[in-house]
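Structure provided below as structure tokens; questions to follow.
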Amino acid sequence: MAATSFPGAVKGLVSAKARLSEPLRGGSRSLLVLYPRRGGMALVASATPLELSEKVAESIKNAEETCAGDAASGECAAAWDEVEELSAAASHARDKLKANSDPLDNYCNDNPETDECRTYDD
Amino acid sequence: MASCTIHTAPYSCSISRPAAKAFSLGFHQRHQQLIFFSSGRRSAVVCSAEKTVVIGLAADSGCGKSTFMRRLTSVFGGAAEPPRGGNPDSNTLISDTTTVICLDDYHSLDRTGRKEKGVTALDPRANDFDLMYEQVKAIKDGVAVEKPIYNHVTGLLDPPELIKPPKILVIEGLHPMYDSRVRDLLDFSIYLDISNEVKFAWKIQRDMAERGHSLESIKASIEARKPDFDAYIDPQKQYADAVIEVLPTQLIPDDDEGKVLRVRLIMKEGVKRFAPIYLFDEGSTISWIPCGRKLTCSYPGIKFFYGPETYFSNEVSVVEMDGKFDRLDELIYVESHLSNLSTKFYGEVTQQMLKHSDFPGSNNGTGLFQTIVGLKIRDLYEQIVAERAAASAAAAKV
């Protein structure tokens, strides 16, 4: 499922915050976010940013190769440690994307006193 | 600790304090009192500068963005955010009162360096403890530092960022209590101990969406890091003032989803300014199931335990919760039966939990105990402030 925009949306409109990932293969899940955009709605897949995702996949392959040689070596541990570090970074990036996806939320975080953002706790 | 020195000659208290400039910029992060008076032949100079309170948090889950940190900074008020205008990949979080720094910034080897040497990030050889000690000490003494940044995305060490001494400094990472000098600087320390089964379940949830990962790769990653983890990270828990241990539930046989958890809050006895929480009767052993006639709970219910224990040859008190909260009234019911919570008003724990009901762990012991530890740290901080005020008032009378 590639990123699509509904008829009426201005073609080529890409938000700086939305990351368009390549067609997702079966088995990987991602969050679909509906974006209000001038002229219509855009459906964007909010998955891990592409470069990070690739880095994770690469590091896993690398770790498997390194450990095929000597599973108890320091190099093997370091390789899997790198996988862990990148997976954690990918997870944080996903959370960040999710957190940044609503423009109103972002505006209100910075300007909580404006009329649109006031909350009333009774 | 406030340091007061009395000299017999008129003497101006000179401390090299770049942070003093921050005071004039309007950041009320530091207070600096300089009382200089001379009466007759005896001159007394009192310097009561507020030293930063330092909290250490040992956790394996990456830095700064963790749920624990967000709950902690929320208890103190204000949201913690990355420093504005700086490196976007900075790991530091700053709020009005608190600064959270990530100890990964003290890596001496970047990702390439570690690969070459064949060491993991858990290995002390990959970390510069001298620099960590120097800088934490400097911040504690009120001196701003240029702290390196470790970029988790690129795996490189980026140019340093300026850290101004805050009221409360939290150092979070893999080795806050590893080096004894750093350990001595900590006013309070916490260790987050996730058991292997729960770690596995959580990592599956985190990584299965990731292309390239499989059950085997996740398992292999945990296994490969285990030797270094057990050798260098795990032993730190004996030094912690509070340990939050997360285990699989005992209420559901063969549960492997990690959704219902058994969480133990292990509190060291005899720690200065820290009074462990207790259930009903301090020092006794209590087993408590709140669900019954007054409170209806859904499956699998909630079970509490409280009692004194020994942990690595330390006297500790343990409060344990197994199960999960489904409703607001379960939470407030439990809160009303716990003692020594250091809340400022009835229901504060529940309110904090509700405020962050979207955070992971908000319906079980992890959220509950993290919130309670946050309140205990707030109490500790306020005690320190009160002690300093009393000390400088007493000294000023001299």
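Values quoted throughout were computed directly from the atomic coordinates according to the rules given, and no laboratory measurement underlies them. Since we're looking at a predicted model, the values are computed, not measured. So basically every Cβ, Gly included, is an ideal-geometry build from the backbone, and we count neighbours across all protein chains shown.
Please report the net charge: other residues with Cβ closer than 11 Å to the Cβ of B:Ile252, K and R +1, D and E -1.
Once positives and negatives cancel, what remains is -2.
Further, regarding this structure: Below 26 Å, Cα to Cα, which lysines can B:Lys117 reach? Residues fewer than 8 away in the same chain don't count.
A:Lys55, A:Lys61, B:Lys147, B:Lys219, B:Lys226
Find how much the distance from B:Ala391 to B:Arg84 grows on full extension, using 0.36 nm per residue of separation minus their present alpha carbon separation; answer in nm with one decimal.
Going from the current span to full extension adds 106.9 nm.
Using Cα positions and a limit of under 28 Å, work out the lysines in reach of B:Lys272, with same-chain residues fewer than 8 apart set aside.
B:Lys51, B:Lys137, B:Lys140, B:Lys164, B:Lys167, B:Lys237, B:Lys344, B:Lys376, B:Lys397
Moving to a separate point now. In a GNM of chain B with a 10 Å cut-off on Cα contacts, which of B:Lys51, B:Lys303, B:Lys219 has the highest mean-square fluctuation?
For chain B, modelled as a Gaussian network with Cα springs under 10 Å, the answer is B:Lys219.
From the phi of every residue in the stretch B:348-364, what ³J(HN,Hα) in whole Hz does the Karplus formula 6.51 cos²θ - 1.76 cosθ + 1.60 yield, where θ is phi - 60° and glycine or proline is x?
Taking θ as phi minus 60°, the curve returns 5, 4, 4, 4, 5, 5, 5, 4, 10, 5, 8, 6, x, x, 6, 10, 9 Hz for the stretch B:348-364.
Under a crude label model (7 Å from the Cα following the beta-carbon direction), how far is B:Ser298 from B:Asp358 in nanometres?
It is 2.1 nm.
Where in the stretch B:344-389 are there chymotrypsin sites (Phe, Trp or Tyr not before Pro) that are in a DSSP coil and have at most 10 other Cβ atoms within 10 angstrom of their Cβ?
Passing both the DSSP loop test and the Cβ count: B:Phe345.
Normalising by the residue count of chain B, find the relative contact order in percent from Cα pairs under 8 Å and 6+ residues apart.
This gives 15 percent for chain B.
Under 14 Å from the Cβ of B:Pro300, count the other residues' Cβ atoms, weight Lys and Arg +1, Asp and Glu -1, and hand me the total.
Its environment carries a net charge of -2.
Please label the shape of chain B as rounded, prolate or oblate, based on the square roots a ≥ b ≥ c of the eigenvalues of the alpha-carbon gyration tensor (a/c under 1.5 means rounded; beyond that, a/b larger than b/c means prolate, else oblate).
Verdict is oblate for chain B.
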